[in-house]
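So the structure is just underneath, and the comments pick up after that.
We did not get these values from a lab; they are worked out from the coordinates using the rules stated. Since this is a predicted model, take the numbers as computed values, not measurements. Cβ sites come from the backbone with ideal geometry, for glycine too, and all protein chains shown count toward neighbours.
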Amino acid sequence: MPTRSQVRKAGTILREYGAGHALFDQDEVQDALAVLVAYRAALSRPPFALTRASMGLRSMASTVGVGAKVSQRLKRVDRIIEKLGRFPQMQLETMEDIGGCRAVVASLDDLAALRDRIHTVWGAAITRERDYIAKPKLTGYRAVHIVVAFDGPTVEVQLRTRRQQAWARTVEAAETSSRTHLKDGIGDPATLRFLRDLGDAASMLDRGEPLPERLREIVQAGADPTSGIPSEKP
C-alpha cells in the first residue's frame with residue numbers, strides 16, 4: 001500500500017498530466033500511474049474498507065429481510081484521472097468513490113429499510129450522504145450514496161432499485177456506443193433529454209404512479225429501463 005504522501009504526489013502529477021500541462025517527464029508520470037494502480041488495487045483486499053463494506057451490506061440486507069444484489073467495484077483509472085481534472089481542489093487520497101459497493105433492491109421500501117439499517121450499524125462511520133432520489137441529478141440519475149470511513153480510505157455505498165440500476169445500465173450502453181460521457185451530462189442534447197425522461201419514467205413506476213402519455217411513448221420507443229424487471233422480491 002503506497003504511503004499517503006506518495007498517493008498525494010501521484011494525484012498531483014496525474015492531474016497536471018491529464019490537463020496537458022508539461023510539468024513532468026514520462027518517468028514521473030509512469031511512476032505516478034504505478035502508485036495509483038497499486039493504491040486502487042489495495043482498496044479491494046482485506047482488511048481494507050471495500051471488502052468490509054460489501055460483506056456488511058449483504059449481512060444487513062439479510063437482517064432486514066431485503067433481497068439485494070450486492071456487488072463491489074473499483075473506479076477505472078481513466079475515470080479517476082478525469083475526476084481529478086474536473087475537481088482541482090480534490091486530492092487523490094481523499095477521493096471518496098475509488099472503492100465502491102452497490103446494493104440493488106426491488107423497491108423503494110426495501111431501499112429505505114436497508115438505508116435505515118446502514119445508519120443504525122454504521123452511523124459513526126458515515127461521513128457523507130447524498131440522496132439522488134429526493135434530488136435527482138440533471139441527467140436523470142437516481143440512487144442514494146452513503147460514504148463510509150472505517151480505517152483508512154473511504155468507500156461509497158450506492159443503494160438503487162432495480163429500475164434505477166436498469167436505467168444506469170442503459171446509460172452505460174449509450175456511453176459505450178457514442179463514446180461520450182453521458183453520466184456527466186456530456187453528449188448529444190437529444191440523447192441526454194431522452195435518458196432524463198427515461199429516468200423520470202422509472203421513478204414514477206417505482207412510486208406506483210401511472211405514466212403520462214408522453215413518458216409512455218418514450219418508454220415504448222425503446223431502451224426501456226423497466227423491461228424484464230419483475231416487481232416482486234427475488
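For the reader, a short list of remarks on this structure follows.
- THR176-LEU138 FRET efficiency (beta carbon distance; Förster radius 22 Å; 0.05 resolution): 0.55
- Selected from THR139, PRO153, THR127, residue furthest toward positive end of dipole (segment 44-161; charges at beta carbon): THR139
- Loop-located trypsin sites (Lys or Arg not before Pro) in segment 4-78, at most 11 other Cβ atoms within 10 Å (DSSP): ARG76
- Arranged from fewest to most other beta-carbon atoms within 10 Å of their beta carbon, MET60, MET1 become MET1, MET60.
- Label point at ASP78 placed 7 Å out along Cα→Cβ; residues across segment 159-194 whose backbone nitrogen lies under 18 Å: 171-188
- With R₀ set to 35 Å, the beta-carbon distance separating ASP116 from MET90 gives a calculated FRET efficiency near 0.70.
- Taking other C-beta atoms within 10 angstrom as a stand-in for reagent exposure, GLU213, GLU96, GLU28, GLU156 fall in the order GLU213, GLU28, GLU96, GLU156, fewest first.
- When shorter helices are ignored and each DSSP H run of at least 4 residues is given -39500 (n - 2.57), the per-residue value for the chain at 222 nm works out to -16000 deg cm²/dmol.
- Here's the picture: a label point sits 7 Å out from the Cα of ALA38 along the beta-carbon direction, and within segment 83-100 nothing has its amide nitrogen under 14 Å of it.
- Tensor-based shape of segment 64-183 (alpha-carbon gyration tensor, a/c under 1.5 rounded, otherwise prolate or oblate): oblate
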